[in-house]
Amino acid sequence: MTARLFGSMGALAAMVAAGSLGSVSVSGQGSGAAPTSIVVTAFGGEEPAYEVPRTPWGDPDLQGVWSSDDATMPMSRPEQYGDRLYLTDEEYADRVQQVAQGVDRAENEADSTFRFDFARRAFRQTSLIVDPPSGQAPAFTTRALMNPMPRGTFGNGPLDWTTDFSLYERCITRGIAGSVLRVIYGNGNRIVQGPGTVAMSYEMLHDTRLFHTDGRPNVGDGVRQHLGVSRARWDGDVLVVETTNLTDRTAIGVNGNGNRHSEQMTFTERFKRVADDILQYQLTIDDPLTYERPFTLSFPLTPLEGGKLLPYDCHEGNYAILQSLGAERYEDRALAEDLAKGIVRPRRGIQEGAGVGATLPGRGRGAGPGGGRGAGPGGQ
C-alpha cells in the first residue's frame, strides 16, 4: 500500500464525483462545441504573464511530477455559488483556513498506520467543471444509466466472475479521467518529454500514456484500447491531446467508477504550464451516447510532495480477486446449508463496513480485515 497524508478539510469532496454526474434519463444529443482554448483557473481570474520554459529542442517544457492533491474542489458546483467559478475574498479566506487546519490534523492527529494525501494549497475555484458555465455536469443518457461499472467488493455481490469487478479493483486501469481526478492517495502524475513525444505516467495503477506530436496519422478504427489512442499537437504554449479509439469498458469518475461511456467517447486534454509550480490541466469529455452535451473540467496540478511517484504494487489477476470469488462460493454453500436446517437469512455483505477508515473490534482506526482490506484494489 502506498500513501502519503490527507486532511479531512473537505478533500473527500472529489470522491463523490461519480455520483454527482447527474441521474436524469435523456436522449443523447452531443450538442455544444468543445472549448477551443484552455481555461486557466489557477489564479482565480486574470492569468499573470509567465514565460514558459523550453526543452533543448524548443517545445514548451511541461516536465515534472505533478499532483492533483490540491484540486479539492467538487466536480459539480455547489448551488450557493450559482454561475460563479471563483470564491469571493471572504470565501477564499475561509478556504485557506480550512486547508491549514487540514494540514495540522493530518500531521499531528493521525492515529492510524494508514495515512492519506492532503491539500497544502488553496485555490479559488468553486468546481472542477468550467463548462457549461453553471458548473453542472450534463445528464446521463438512458443507455449510460443502464451500464454502471461493476462495484465488485465495494458493492453487495454476488460475485460470480472477474467481470463483476471494476477495472480499478482488477488493477487494470482507472481510465483517463479517473487517473487524474483527486482521490485519497496516489495522485501523482509524471510528465517527461522527448522530441515528438510526451509521456504521462500515473502513480496509481501504473499506466503510462504516450502523446505523439510528430504528426503521425491515427490508427484504424478497429483498434480499441482502454486508454484509447492519443495524437497531440502544440498550440502555442498549450499541449492539445485528442484521444479516440476507446473501449466501452471505462467510466468517468474518481478511480474510474461511475457509468461506463461508449466507444464513441472522445477526450480532448490541454496542458499549459502557467507558473514554475503550476500546470493547468483541462479535459473536455464528449460522448453523445453517454451525456446530453460535452462538458469540460479544468484545474491546477501542483508539484508532488517528495517529487517521486511511489510504486503502486497492484497487479492484474491479484489474489484479492481469487479470494473474493472463493469467499462468495463459501457463502453460497453456507446459505444452502443454513436453508437445509430451516434457517433463512440474507446474504452476508462483502465488506460489511470494513473499508478505508473503518474501525473493527480489536483493530486500530483505518484497519480493515488483514490490516486494511478495502483501502484500494486488491487490498493494496
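So here's what we get for this one:
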item	result
Distant-in-sequence amide H partners of F140 (H built 1.01 Å from N, under 5 Å)	S23, V24
Cα pair distances in region 248-310, grouped into 10 Å bins until the bin that holds the longest one, percent each	19, 40, 28, 12, 0
J(HN,Hα) series, region 96-108, from Karplus relation 6.51 cos²θ - 1.76 cosθ + 1.60, nearest Hz, glycine and proline x	4, 5, 4, 5, 4, 5, x, 4, 4, 5, 5, 7, 10
Cut-off 12 Å between beta-carbons: net charge of the residues surrounding N156, Lys and Arg +1, Asp and Glu -1	-1
Per-residue ³J(HN,Hα) for region 236-251, Karplus 6.51 cos²θ - 1.76 cosθ + 1.60, θ = phi - 60°, Hz, x for Gly and Pro	x, 8, 9, 8, 10, 10, 10, 10, 10, 6, 8, 8, 9, 9, 10, 9
Dipole magnitude of region 42-134 about its Cα centre (Cβ charges: Lys, Arg +1; Asp, Glu -1), debye to nearest 20	140 debye
Diffusion coefficient, µm² s⁻¹, Stokes-Einstein with Kirkwood Rh over alpha-carbon pairs of region 11-303 at 20 °C and 1.002 mPa s	108 µm²/s
Formal net charge of residues neighbouring T141 (Cβ-Cβ distance under 15 Å; K, R +1; D, E -1)	-2
Whether region 190-252 is rounded, prolate or oblate, judged on the alpha carbon gyration tensor where a/c under 1.5 counts as rounded	oblate
Under Karplus coefficients 6.51, -1.76 and 1.60, residue-wise ³J(HN,Hα) of region 210-215 in Hz, glycine/proline x	10, 10, 8, 10, 8, x
Förster radius 22 Å - calculated FRET efficiency between N156 and Y330 (Cβ-Cβ, nearest 0.05)	0.85
Nitroxide proxy distance, nm - points 7 Å out along Cα→Cβ at K308 and N108	3.0 nm
Relative contact order [Cα under 8 Å, 6+ residues apart], region 132-286, whole percent	20 percent
Sorted by Cβ density within 10 Å, fewest first, the residues E109, E263, E46	E46, E109, E263
Built amide H within the under 5 Å cut-off of Y86, gap 5+	T126
Which of M204, M146, M265 has the fewest Cβ neighbours within 10 Å, and the rest in rising order	M146, M204, M265
Amide proton proximity set for W66, modelled H, under 5 Å, gap of 5+	N189, R190, I191, L304
Linear extension gain, E337 paired with D83, 0.36 nm per residue minus alpha-carbon span	85.6 nm
Stokes-Einstein translational diffusion, region 185-316 - Kirkwood Rh over all Cα pairs, 1.306 mPa s, 10 °C, in µm²/s	100 µm²/s
Cα-centred dipole magnitude for region 11-303, charges only on beta-carbon of K, R (+1) and D, E (-1), debye, nearest 20	680 debye
K272, K341 arranged by Cβ crowding within 10 Å, fewest neighbours leading	K341, K272
Diffusion constant of region 248-359 at 4 °C, which comes from Stokes-Einstein with the Kirkwood Cα-pair radius and 1.567 mPa s, µm²/s	68 µm²/s
For region 11-303: relative contact order, % (alpha-carbon pairs under 8 angstrom, 6 or more apart)	28 percent
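Bear in mind these aren't lab numbers, they're just calculated from the coordinates by the rules spelled out. All values reported here derive from a predicted model rather than from experimental measurement. Every residue, glycine as well, gets a Cβ built from its backbone with ideal geometry; the counts of neighbours run over all protein chains shown.
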